[in-house]
1. Considering only segment 75-99, state which residues are assigned to a loop (DSSP other than H, G, I, E, B) and at pLDDT 85 or above.
2. Which of (1) at pLDDT 95 or above; (2) in contact with a strand residue (DSSP E or B) (Cβ under 6 Å, 6 or more places away or on another chain) does ARG28 not meet, given it meets every other one?
3. Does at least one position in segment 126-135 carry a residue that is of a type in the set (D, E, K, R), more than 13 Å from the chain's Cα centre (by Cα), modelled with pLDDT under 95 and within 20 Å of GLY45 (Cα to Cα)?
4. Counting only residues that are farther than 17 Å from PRO15 by Cα and of a type in the set (A, V, I, L, M, F, W, C), which one in segment 37-57 is surrounded by the fewest Cβ atoms within 10 Å (Cβ to Cβ)?
5. Can we say PRO104 is assigned to a strand (DSSP E or B), under 23 Å from ASN5 (Cα atoms), modelled with pLDDT of 90 or more and not hydrophobic (A, V, I, L, M, F, W, C)?
6. Which members of segment 37-49 meet the condition of being farther than 21 Å from ALA139 by Cβ and either assigned to a strand (DSSP E or B) or of a type in the set (D, E, K, R) (or both)?
7. Would you tally the residues in segment 3-20 being touching a residue at least 60 places away in the same chain (Cβ under 8 Å) and either in a strand (DSSP E or B) or surrounded by 13 or more Cβ atoms within 10 Å (Cβ to Cβ) (or both)?
8. Out of everything in segment 21-36 that is among the aliphatic types (A, V, I, L, M) and either in contact with a Cys (Cβ under 8 Å, 6 or more places away or on another chain) or surrounded by 13 or more Cβ atoms within 10 Å (Cβ to Cβ) (or both), what residue ends up being nearest to ILE91 (Cα to Cα)?
Amino acid sequence: MKLSNIMRKTGVARPGMSVREAFDVCLRDDVPGIPYIDADGDIAGSFSIRETLRRACIPDILVNYADLIGDSAGCLQIPEDHARMVLDLAIEPFIKERKAEISPETAVAKAVALMEKHSTNYLFITANDHYLGIVTIWAIARRMLELG
(Lines give C-alpha, C1' and ligand atoms only; values in the text may rest on other atoms or scores of the structure.)
Protein backbone atom coordinates (compact mmCIF):
# COMPACT_ATOMS: atom_id res chain seq x y z
CA MET A 1 0.00 0.00 0.00
CA LYS A 2 1.14 3.52 -0.76
CA LEU A 3 0.05 6.72 0.94
CA SER A 4 -0.57 8.29 -2.46
CA ASN A 5 -3.44 5.80 -2.92
CA ILE A 6 -4.88 6.57 0.50
CA MET A 7 -4.39 10.27 1.17
CA ARG A 8 -6.83 12.90 0.13
CA LYS A 9 -6.85 16.65 -0.14
CA THR A 10 -9.07 18.58 2.25
CA GLY A 11 -9.88 22.15 2.98
CA VAL A 12 -7.85 23.99 5.58
CA ALA A 13 -8.45 26.28 8.53
CA ARG A 14 -7.29 29.87 8.15
CA PRO A 15 -6.92 32.84 10.48
CA GLY A 16 -10.23 34.48 11.28
CA MET A 17 -12.41 31.43 10.61
CA SER A 18 -15.18 30.59 13.03
CA VAL A 19 -15.62 27.20 14.66
CA ARG A 20 -18.74 26.80 12.49
CA GLU A 21 -16.70 27.28 9.30
CA ALA A 22 -13.99 24.86 10.43
CA PHE A 23 -16.59 22.23 11.46
CA ASP A 24 -18.19 22.65 8.02
CA VAL A 25 -14.85 21.94 6.30
CA CYS A 26 -14.17 18.87 8.47
CA LEU A 27 -17.65 17.44 7.97
CA ARG A 28 -17.73 18.21 4.25
CA ASP A 29 -14.39 16.45 3.80
CA ASP A 30 -15.27 13.69 6.29
CA VAL A 31 -12.16 14.15 8.45
CA PRO A 32 -11.75 14.74 12.21
CA GLY A 33 -9.31 17.62 11.75
CA ILE A 34 -7.68 19.94 9.25
CA PRO A 35 -4.41 21.86 9.11
CA TYR A 36 -4.36 25.46 10.30
CA ILE A 37 -2.59 27.54 7.67
CA ASP A 38 -1.15 30.88 8.80
CA ALA A 39 -1.09 34.15 6.86
CA ASP A 40 2.18 33.08 5.17
CA GLY A 41 0.59 29.87 3.85
CA ASP A 42 2.50 27.59 6.23
CA ILE A 43 1.02 24.91 8.45
CA ALA A 44 1.01 26.49 11.90
CA GLY A 45 -1.03 23.86 13.74
CA SER A 46 -4.19 21.83 13.49
CA PHE A 47 -7.88 22.26 14.13
CA SER A 48 -9.71 19.24 15.49
CA ILE A 49 -13.42 18.72 16.15
CA ARG A 50 -12.60 16.53 19.16
CA GLU A 51 -10.21 19.05 20.72
CA THR A 52 -12.63 21.92 20.17
CA LEU A 53 -15.57 20.10 21.76
CA ARG A 54 -13.39 18.96 24.66
CA ARG A 55 -12.08 22.44 25.39
CA ALA A 56 -15.30 24.37 24.76
CA CYS A 57 -17.90 22.01 26.21
CA ILE A 58 -16.38 19.51 28.63
CA PRO A 59 -14.69 20.45 31.92
CA ASP A 60 -11.48 18.53 32.65
CA ILE A 61 -12.99 17.08 35.83
CA LEU A 62 -15.76 15.52 33.75
CA VAL A 63 -13.16 13.83 31.56
CA ASN A 64 -11.29 12.58 34.62
CA TYR A 65 -14.39 11.02 36.16
CA ALA A 66 -16.41 10.14 33.03
CA ASP A 67 -16.46 6.43 33.86
CA LEU A 68 -18.05 7.12 37.26
CA ILE A 69 -20.88 9.34 36.03
CA GLY A 70 -24.25 7.75 35.33
CA ASP A 71 -25.74 7.91 31.84
CA SER A 72 -28.79 9.87 32.96
CA ALA A 73 -26.96 12.83 34.53
CA GLY A 74 -29.21 15.44 32.90
CA CYS A 75 -27.32 18.33 34.44
CA LEU A 76 -24.39 17.46 32.18
CA GLN A 77 -26.12 18.26 28.89
CA ILE A 78 -24.52 20.82 26.56
CA PRO A 79 -27.12 23.59 26.34
CA GLU A 80 -28.12 24.47 22.78
CA ASP A 81 -27.42 28.17 23.33
CA HIS A 82 -23.88 27.26 24.45
CA ALA A 83 -23.43 25.10 21.33
CA ARG A 84 -24.52 28.02 19.11
CA MET A 85 -22.14 30.35 20.95
CA VAL A 86 -19.23 27.93 20.46
CA LEU A 87 -19.93 27.80 16.71
CA ASP A 88 -19.54 31.57 16.49
CA LEU A 89 -16.16 31.63 18.27
CA ALA A 90 -12.92 32.19 16.38
CA ILE A 91 -10.86 29.03 15.93
CA GLU A 92 -7.54 30.42 17.15
CA PRO A 93 -7.97 29.40 20.82
CA PHE A 94 -8.62 25.82 19.69
CA ILE A 95 -5.60 25.43 17.41
CA LYS A 96 -3.21 22.73 18.59
CA GLU A 97 0.51 22.86 17.91
CA ARG A 98 1.84 21.02 14.91
CA LYS A 99 1.98 17.31 15.42
CA ALA A 100 3.76 14.62 13.49
CA GLU A 101 3.55 15.10 9.75
CA ILE A 102 4.60 12.65 7.09
CA SER A 103 5.73 12.82 3.49
CA PRO A 104 4.05 11.06 0.57
CA GLU A 105 6.92 8.53 0.63
CA THR A 106 6.33 7.48 4.25
CA ALA A 107 5.51 3.81 4.65
CA VAL A 108 1.92 3.15 5.70
CA ALA A 109 3.10 1.06 8.68
CA LYS A 110 5.14 4.04 9.91
CA ALA A 111 2.10 6.31 9.50
CA VAL A 112 0.03 3.94 11.68
CA ALA A 113 2.86 3.78 14.24
CA LEU A 114 3.04 7.58 14.38
CA MET A 115 -0.72 7.81 14.82
CA GLU A 116 -0.45 5.44 17.77
CA LYS A 117 2.53 7.26 19.26
CA HIS A 118 0.76 10.63 19.05
CA SER A 119 -2.71 9.33 20.06
CA THR A 120 -4.37 10.51 16.87
CA ASN A 121 -6.42 8.99 14.06
CA TYR A 122 -4.97 11.13 11.29
CA LEU A 123 -1.78 12.74 10.02
CA PHE A 124 -1.13 15.53 7.56
CA ILE A 125 0.98 14.74 4.53
CA THR A 126 3.39 17.49 3.56
CA ALA A 127 6.23 18.16 1.16
CA ASN A 128 8.55 21.08 1.74
CA ASP A 129 6.18 22.36 4.45
CA HIS A 130 3.34 22.45 1.88
CA TYR A 131 0.12 20.65 2.77
CA LEU A 132 -0.75 17.89 0.31
CA GLY A 133 -3.50 16.00 2.11
CA ILE A 134 -4.50 13.87 5.04
CA VAL A 135 -4.40 10.17 5.82
CA THR A 136 -6.75 8.73 8.43
CA ILE A 137 -6.80 5.39 10.15
CA TRP A 138 -10.23 4.84 8.53
CA ALA A 139 -8.83 5.47 5.06
CA ILE A 140 -6.10 2.90 5.68
CA ALA A 141 -8.67 0.33 6.83
CA ARG A 142 -10.89 1.16 3.84
CA ARG A 143 -7.93 0.65 1.46
CA MET A 144 -7.12 -2.69 3.10
CA LEU A 145 -10.69 -3.84 2.50
CA GLU A 146 -10.48 -2.76 -1.14
CA LEU A 147 -7.36 -4.91 -1.57
CA GLY A 148 -9.10 -7.81 -0.36
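1. Initial filter on segment 75-99 (assigned to a loop (DSSP other than H, G, I, E, B)): 77-79, 89, 91, 95, 97-99.
Result: LEU89, ILE91, ILE95, GLU97.
2. Going through (1) at pLDDT 95 or above; (2) in contact with a strand residue (DSSP E or B) (Cβ under 6 Å, 6 or more places away or on another chain) one by one, ARG28 breaks only (2).
3. The first filter runs over segment 126-135 and keeps only residues of a type in the set (D, E, K, R), leaving 129.
After this cut, where a residue has to be more than 13 Å from the chain's Cα centre (by Cα) as well, the list is 129.
Right, trim to modelled with pLDDT under 95 and you get 129.
Narrowing further to those that are within 20 Å of GLY45 (Cα to Cα): 129.
Within segment 126-135, one or more residues are of a type in the set (D, E, K, R), more than 13 Å from the chain's Cα centre (by Cα), modelled with pLDDT under 95 and within 20 Å of GLY45 (Cα to Cα).
4. Here is the first cut: in segment 37-57, the residues farther than 17 Å from PRO15 by Cα are 50-51, 53-57.
Now narrow it down to the ones that are of a type in the set (A, V, I, L, M, F, W, C): 53, 56-57.
Working: LEU53: 16, ALA56: 17, CYS57: 13.
It comes out as CYS57.
5. Details: assigned to a strand (DSSP E or B): no; under 23 Å from ASN5 (Cα atoms): yes; modelled with pLDDT of 90 or more: yes; not hydrophobic (A, V, I, L, M, F, W, C): yes.
The answer is no for PRO104.
6. Of the residues in segment 37-49, the ones farther than 21 Å from ALA139 by Cβ are 37-42, 44-45.
Answer for segment 37-49, where residues must be farther than 21 Å from ALA139 by Cβ and either assigned to a strand (DSSP E or B) or of a type in the set (D, E, K, R) (or both): ILE37, ASP38, ASP40, ASP42, ALA44, GLY45.
7. Here is the first cut: in segment 3-20, the residues touching a residue at least 60 places away in the same chain (Cβ under 8 Å) are 3-10, 12-13, 15-20.
So of that shortlist, the ones also either in a strand (DSSP E or B) or surrounded by 13 or more Cβ atoms within 10 Å (Cβ to Cβ) (or both) come out as 3, 6-8, 10, 12-13, 15, 17-20.
Total satisfying the criteria: 12.
8. Of the residues in segment 21-36, the ones among the aliphatic types (A, V, I, L, M) are 22, 25, 27, 31, 34.
Cutting the leftovers down to either in contact with a Cys (Cβ under 8 Å, 6 or more places away or on another chain) or surrounded by 13 or more Cβ atoms within 10 Å (Cβ to Cβ) (or both) gives us 22, 25, 31, 34.
On the way: ALA22: 8, VAL25: 13, VAL31: 17, ILE34: 12 Å.
Filtering first and then ranking leaves ALA22.
The values are calculated or read from the model by the stated rules, or taken from the named source; none is laboratory data. In this text the structure is predicted, and so the values were computed from the model without any measurement. Glycine also receives a Cβ, built like all others from the backbone with ideal geometry; neighbour counts cover every protein chain displayed.
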